[in-house]
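A short worksheet on the structure shown next.
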Amino acid sequence: MPPEHATVKPAPNLPQQPAGGSARGRGAAGPGRRGRVPKRRPPLAIVLIAVAVSLLGLLPLGYVVVTAALTGWTELSGLVFRPRVGELLVNTIGLVVVTVPICAVVGVLAAWLVERTTIPGARVFAVLLAAPLAVPAFVNSYGWVSAIPSLNGLWSGVLIASLSYFPLVYLPCAAALRRLDFTVEEAAASLGTGPWRVFFRVVLPQLRLPLLGGSLLVGLHLLAEYGAFAMIRFDTFTTAIVDQYRSTFNGPAATALAGVLVLCCLFLLVGESAGRGRARYARIGSGVARAARRRPLGALTPLGWAFLAGVFVLSIGVPFWSVLRWIVAGGAAAWADGVVVSALAQTVLYGAIGAAVTCGLAFPIAFLAIRFPSRMARALESINYVTSSLPGIVTALALVTVSIRLVQPLYQTAVLVIVAYLLMFLPRALVNLRAGLAQVPPGLEEAARSLGRPPAAAFLGVTARFIAPSALAGAALVFLGIVNELTATLLLAPNGTRTLAIQFWSQVNDINYAGAAPYALLMIALSLPVTYLLFAKSRLVSAP
């Protein structure tokens with residue numbers, strides 16, 4: 001055979017090394033190692049901060065458990081099993097059982113009218129119905145008591161709470177309605193199903209998750225609210241705990257009530273989880289979901305418009321009218337004492353510092369949850385969700401007790417107030433940071449490092465820029481919570497602290513409604529931009 005022919009002879013066996021052959025011995029990737037990348041470990045500093053924050057989050061629950069154990073069963077049972085606790089339990093359960101369904105009905109109906117019908121002014125109502133979130137519940141109660149001084153008892157509490165908290169159901173349900181695939185409803189209608197049956201059998205089941213989630217938030221707010229119900233002389237566990245603490249500083253009695261309140265919160269959490277189950281409503285298939293076609297209401301249009309206008313007037317019109325009426329009655333003197341400016345400055349300062357600290361300490365937990373998912377990361381995240389669901393009064397009592405017994409120099413300091421805000425509002429920042437981090441491909445930061453940039457510079461230049469909008473949204477929500485927070489601030493704030501909420505409550509307690517009006521107006525003014533940001537973000541995320 002000529003030599004040139006030998007050069008073209010195929011040699012198929014050369015690259016086919018037997019398993020365990022010399023190729024693997026030289027370090028080539030074998031079948032069992034192909035594509036295997038060494039498992040990355042999270043930075044130690046990130047882990048330590050996340051663990052420390054989550055352990056701090058266990059403080060309120062630990063406080064209730066330890067204090068109950070130290071009190072002893074005999075004394076504790078005497079404090080729990082008494083007529084007064086039974087009365088508070090009936091009031092609290094009755095408030096939740098009546099108010100939550102009303103908020104659910106109003107929220108779902110308002111969302112459907114705004115998103116799925118041709119009702120006049122739907123776009124305007126979409127914004128206006130989110131506005132009640134900018135009015136603290138105790139300011140809403142102040143407005144109604146100013147208009148009708150005889151308000152008191154359960155049904156007055158139901159009225160005020162329903163008008164204050166229905167947007168917690170309306171917003172997620174409106175967002176879900178914008179995401180639903182209209183094709184499913186058309187298919188049901190083509191089979192002869194009427195409009196009402198389509199709504200109850202097709203649309204409403206797909207709203208189960210936002211409906212249950214919003215209802216859970218309403219229930220937790222009802223358990224935590226103090227000012228709104230104290231103003232109408234309606235006793236709940238939270239009002240009783242605050243009164244007990246401020247009048248006698250009776251630790252065991254307040255702790256016993258706090259323990260029952262914690263059990264109520266856990267019951268709501270378990271109930272929502274059981275109701276939610278494993279339900280998921282996602283469209284699977286080619287193409288994109290069709291936008292919903294708005295339905296004409298016909299003869300029912302005036303009724304639907306009257307419903308939306310009535311909800312807005314009752315939830316926003318009444319408190320605004322009362323505030324403005326007292327502003328006029330108080331005149332310039334209500335603004336001239338210098339305290340208003342000081343209270344505004346302290347509120348903004350507490351809100352800004354609390355929002356910055358909360359977002360900064362929420363980041364390590366969000367980072368572990370997204371970049372290094374594990375059982376530990378899920379546990380650290382869950383601890384903070386459970387802690388934030390507890391009423392602020394329980395968190396405040398825990399911090400008061402721990403600071404007095406273990407770190408007394410922190411008692412009645414601004415540091416303790418910021419810690420309370422961190423425990424109460426951390427999930428507001430965590431949810432937004434998680435969403436922002438999930439949208440940042442890790443490969444971008446790795447590419448920046450491969451170009452010679454240090455890790456810190458790569459993070460700041462790539463990841464931080466991408467998550468900045470989500471971080472700002474989370475900080476805005478934390479700021480909103482701090483501006484409207486009352487109970488924890490009342491118990492923890494240093495002497496001389498004058499936030500808008502504290503000054504408002506002080507004036508109301510002195511029956512000086514004209515003096516309280518400027519503080520109410522400023523709280524609303526600070527909350528309105530953040531509420532609009534929340535509404536705009538819900539529409540942006542949910543746009544089809």
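The values are calculated or read from the model by the stated rules, or taken from the named source; none is laboratory data. None of these values were measured; they are calculated from a predicted model. Glycine also receives a Cβ, built like all others from the backbone with ideal geometry; neighbour counts cover every protein chain displayed. Accessible surface is based on the protein model in full, side chains and every heavy atom, while ligands, DNA and RNA are left aside. Shrake-Rupley method; radii C 1.70, N 1.55, O 1.52, S 1.80 Å.
Selection over the range 403-422 of residues that are in a helix (DSSP H, G or I), surrounded by fewer than 20 Cβ atoms within 10 Å (Cβ to Cβ) and β-branched (Val, Ile, Thr) gives a count of 3.
Being among the hydrophobic types (A, V, I, L, M, F, W, C) and either open to solvent by less than 60 Å² (accessible area, probe 1.4 Å) or at pLDDT 85 or above (or both) is the filter; apply it to the range 237-255 and report the residue that is farthest from Ser77 (Cα to Cα). Working first, answer last.
Our first condition is that a residue be among the hydrophobic types (A, V, I, L, M, F, W, C); within the range 237-255, this holds for 237, 240-242, 249, 253-254.
Narrowing the set further to residues that are either open to solvent by less than 60 Å² (accessible area, probe 1.4 Å) or at pLDDT 85 or above (or both) leaves 237, 240-242, 253-254.
Numbers: Phe237: 17, Ala240: 18, Ile241: 17, Val242: 20, Ala253: 11, Ala254: 13 Å.
The extreme case among them is Val242.
Checked against the criterion of being assigned to a strand (DSSP E or B), touching a residue at least 60 places away in the same chain (Cβ under 8 Å) and open to solvent by less than 20 Å² (accessible area, probe 1.4 Å), the range 87-104 contains not a single residue that satisfies it.
Candidates Leu490, Leu451: the one that is at pLDDT below 80, open to solvent by 10 Å² or more (accessible area, probe 1.4 Å) and out of contact with any Leu (no Cβ under 9 Å at 6 or more places or on another chain) is Leu451.
The residues on offer are Ser527, Ser542, and the sole one that is at pLDDT below 85, open to solvent by less than 60 Å² (accessible area, probe 1.4 Å) and among the hydroxyl-bearing types (Ser, Thr, Tyr) is Ser542.
Could you figure out which of (1) open to solvent by less than 20 Å² (accessible area, probe 1.4 Å); (2) under 27 Å from Leu220 (Cα atoms) isn't true of Arg179? Failed condition: (1). The set of residues in the range 153-176 that are among the polar types (S, T, N, Q) and closer than 13 Å to Val218 by Cα comprises Ser162, Ser164.
Checked against the criterion of being within 26 Å of Ala345 (Cβ to Cβ), modelled with pLDDT of 90 or more and open to solvent by 20 Å² or more (accessible area, probe 1.4 Å), the range 423-446 has at least one qualifying residue. Hey, can you tell me all the residues within the range 349-371 that are under 19 Å from Leu490 (Cβ atoms) and open to solvent by less than 60 Å² (accessible area, probe 1.4 Å)? Matches in the range 349-371: Tyr350, Gly351, Gly354.
Kindly indicate whether Arg41 is open to solvent by 30 Å² or more (accessible area, probe 1.4 Å), at pLDDT below 80 and either under 30 Å from Ser389 (Cβ atoms) or among the charged types (D, E, K, R) (or both). When the stated conditions are applied, Arg41 does not pass them. For residues in the range 120-156 being free of Cβ contacts under 8 Å to residues at least 12 places away in the same chain and assigned to a loop (DSSP other than H, G, I, E, B), which is surrounded by the fewest Cβ atoms within 10 Å (Cβ to Cβ)? Of everything passing the filter in the range 120-156, Ser150 is surrounded by the fewest Cβ atoms within 10 Å (Cβ to Cβ). Taken together, Gly271, Gly287 contain a single residue that is in a loop (DSSP other than H, G, I, E, B) and either open to solvent by 20 Å² or more (accessible area, probe 1.4 Å) or at pLDDT 85 or above (or both), which is Gly287.
Of the residues making up the range 502-524, those that are more than 18 Å from Ile232 (Cβ to Cβ) and of a type in the set (A, V, I, L, M) number 7.
Please name all residue pairs, on different chains or six or more residues apart, with Cβ atoms under 6 Å, provided the first residue is in the range 47-63 and is touching a residue at least 40 places away in the same chain (Cβ under 8 Å) and the second residue is open to solvent by 50 Å² or more (accessible area, probe 1.4 Å). Hits for this filter: Val53/Leu361.
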